[in-house]
Each structure stands twice: as C-alpha cells, then as structure tokens.
Amino acid sequence: MSRISGGRRRVIVVTAVHGPAARFLPEAYASLCAQRLPDGWEWHWLVQEDGTSDCVAPHVPDDARVTFRQGRSGGPGVARTIALAHADGPYVKVLDADDRLTPGALARDLTVLERDAGIGWAASRVLDLLPDGSTAAFPGDPDDGPVERGAVLDFWRANDFRSQVHPASLCVRRELLLALGGWMALPASEDTGLLLALNAVSRGWFSAQAGLLYRKWAGQVTSQAAHIEPAERAARMAVAEARAHALAASRWTYDPPSTIAWDGHSSAASRTSGSPPLSSRPARTAPKPSRAVKTDGTR
C-alpha cells in the first residue's frame with residue numbers, strides 16, 4: 001500500500017501492532033474513517049508491525065491512505081519511532097491497534113494545535129472499552145485547557161507513578177516529537193516516558209471531551225504479569241523520571257517555528273527558561289489528586 005499524494009495537509013496516525021492485536025485493526029480503521037477533519041486536511045495511517053509475521057497483513061485495510069510496513073521486533077516504542085521515517089505531515093497522532101478514536105477526536109486536536117503554536121501536544125479524556133462493549137469513565141481528569149510545563153511530572157510523582165493525562169491519546173507536533181527522539185527505548189511505559197518529556201519542554205492541551213476508547217482485554221501487553229514485575233517497573237519509572245528532570249534542567253523548551261504551515265523542512269529551535277512564555281493563555285490550576293492511570297497510561 002502506497003502513501004497518498006496531493007496538496008492537502010496531513011495528520012499522521014501511527015499504530016504499532018503485533019499479532020494478537022491485529023484482529024482489532026478493522027475497528028481502529030472504522031474509527032478513523034468516521035473522523036471529519038477541517039477543510040484542507042486528510043489523515044495518513046502508518047501501521048507498523050512489531051515483527052515480520054504473516055498474521056497482521058490480512059487485517060490491514062486496502063486503502064491508499066494506509067501504509068503498512070514490518071520490521072524487527074523491538075516493542076511498540078521502537079515500532080512507532082521507526083514509522084516516523086514515513087510521517088509526511090506536521091502532526092502525529094497515536095492510535096494503538098486495539099483502541100478506537102471517538103467522533104471528532106482528530107478535528108479537536110488539530111483545532112488546538114493550529115490555533116496556538118505554543119502548544120506542543122494535545123491529549124484528551126479516555127474511556128475504558130470493556131469486553132462487553134460498555135465503557136467506563138473515571139473522575140480526576142484535568143480541566144479542559146492548557147497543561148503547564150511540569151504539571152504531568154508533578155502529579156505522576158505524587159500519585160504512585162500515575163498520570164492524570166493518558167499517553168495513548170497524544171497528538172504531537174512532529175518536529176517536537178523528533179527533537180525528543182520519539183518514544184523511549186523501554187520494554188513498557190515508553191509512552192508515559194514520552195509524555196513526561198513533552199511536558200518538561202512544552203505546554204500541552206487537555207480536552208475534557210472523550211477522544212479515545214481504550215480497550216481492556218486479556219491479551220493486551222499491559223495485562224501481563226511481566227508488566228508489573230517490581231524490579232523492572234522501578235527501573236522504568238526511574239529512567240522516565242530522570243529523563244524528564246534532565247530535560248527540565250537543561251532549560252531547553254520547545255520554540256515553535258515562525259510559521260506552522262507544513263513545508264517539510266521547518267524545525268523547532270530552543271528557548272531558555274528566561275524567555276517569554278510560549279503562550280499568553282492563563283496557567284491551569286494544580287491537577288486534581290484522583291486519577292487511576294497506571295505508569296504506562298493504562299488503568
């Protein structure tokens with residue numbers, strides 16, 4: 001399947017997939033097809049298999065807007081990061097293979113990121129999608145609005161490594177994502193590590209309207225015993241936290257390009273902490289101390 005062409009602007013949707021989750025790809029695809037984007041925009045779905053099996057390709061839709069590739073197995077963070085080689089648009093949206101976007105999710109992300117160049121990333125409220133088809137919500141989401149630098153790390157540390165923002169709902173500026181090296185090279189929690197890094201160097205935006213249905217099922221990686229093995233979990237948390245602190249201490253912050261129009265060559269520069277704020281929007285109040293998102297974004 002080849003990439004699409006034309007002059008329309010693209011939001012890139014990146015999905016890492018392995019064999020057990022491949023059967024859910026048609027549902028993820030249907031949720032993408034249901035998106036209504038602002039005029040002049042289209043989506044390009046990059047589906048990257050974490051491995052080279054024969055069991056994923058049959059579930060990939062035959063659509064010119066979908067690009068499917070395979071590679072050596074290295075975990076979901078590696079698969080997403082290598083997929084960035086084919087990300088031909090200014091924004092990258094995460095969509096895990098077993099999840100579904102809600103109607104309007106992409107349009108809301110694009111509206112925020114296009115409106116305020118000082119916002120580096122956007123996320124949204126997430127609902128658990130249970131095996132019986134019902135959904136479950138949890139209290140304690142941030143308020144609708146900007147998420148100030150450092151707010152995610154502060155909350156995460158104070159709440160047993162649980163974030164008030166779900167990393168599976170991220171939509172991020174491609175240049176900023178590349179500047180941070182993509183997803184962390186961890187066996188799990190790589191998405192939370194990226195979220196903490198993003199929040200260390202840039203302001204974000206949280207949408208209180210649900211943007212993702214997060215599937216709960218027995219085969220998901222985060223439900224396996226190895227995911228909560230104490231020694232590895234402690235090491236993952238230590239590395240993710242140390243990276244966020246190092247980025248904050250470096251005084252480097254995301255400086256948006258002079259224009260947010262995509263030309264394929266724009267780049268993010270650095271700004272010291274003594275420079276003017278990235279946005280004139282008012283600061284958000286301290287996060288609410290009641291959230292049940294685990295260290296990798298799962299509940």
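Worth a mention:
- Within the range 212-234, considering residues that are in a loop (DSSP other than H, G, I, E, B) and not aromatic (Phe, Trp, Tyr), the one modelled with the highest pLDDT: LYS216
- Each residue in the range 149-165 was checked for being open to solvent by less than 20 Å² (accessible area, probe 1.4 Å) and in contact with a Ser or Thr (Cβ under 8 Å, 6 or more places away or on another chain), and 4 of them qualify.
- Of the residues TRP217, TRP205, TRP183, the single one that is touching a residue at least 40 places away in the same chain (Cβ under 8 Å), surrounded by fewer than 19 Cβ atoms within 10 Å (Cβ to Cβ) and touching a helix residue (DSSP H, G or I) at 6+ places or on another chain (Cβ under 8 Å) is TRP217.
- Filter result for LEU194 (in a helix (DSSP H, G or I), under 19 Å from PRO90 (Cβ atoms) and open to solvent by less than 40 Å² (accessible area, probe 1.4 Å)): yes
- A Cβ distance below 7 Å, combined with a sequence gap of six or more or placement on separate chains, defines the contacts here; from the range 1-29, residues that are more than 17 Å from VAL92 (Cα to Cα) and at pLDDT 95 or above reach residues that are assigned to a loop (DSSP other than H, G, I, E, B) and of a type in the set (Asp, Glu) in the pairs ALA21/ASP98; PHE24/ASP98.
- The range 107-148, subset among the charged types (D, E, K, R) and part of a strand (DSSP E or B), residue least open to solvent (accessible area, probe 1.4 Å): ASP128
- Qualifying residue in the range 48-55 (condition: modelled with pLDDT of 95 or more, part of a helix (DSSP H, G or I) and either on the phi < 0 side of the Ramachandran plot or buried (at least 19 other Cβ atoms within 10 Å of the Cβ) (or both)): no
- Flag if ASP98 is assigned to a loop (DSSP other than H, G, I, E, B), closer than 20 Å to LEU213 by Cβ, modelled with pLDDT of 95 or more and in contact with a Lys or Arg (Cβ under 7 Å, 6 or more places away or on another chain): yes
- Among the candidates ARG80, ARG65, ARG9, ARG36, residue that is open to solvent by less than 40 Å² (accessible area, probe 1.4 Å) and within 21 Å of LEU110 (Cα to Cα): ARG80
The values are calculated or read from the model by the stated rules, or taken from the named source; none is laboratory data. The structure presented is a predicted model; accordingly, all values stated were derived computationally and were not measured. Glycine also receives a Cβ, built like all others from the backbone with ideal geometry; neighbour counts cover every protein chain displayed. The protein model used for the area step is the full one, side chains on, heavy atoms only, and it has no ligands, DNA or RNA in it. Shrake-Rupley method; radii C 1.70, N 1.55, O 1.52, S 1.80 Å.
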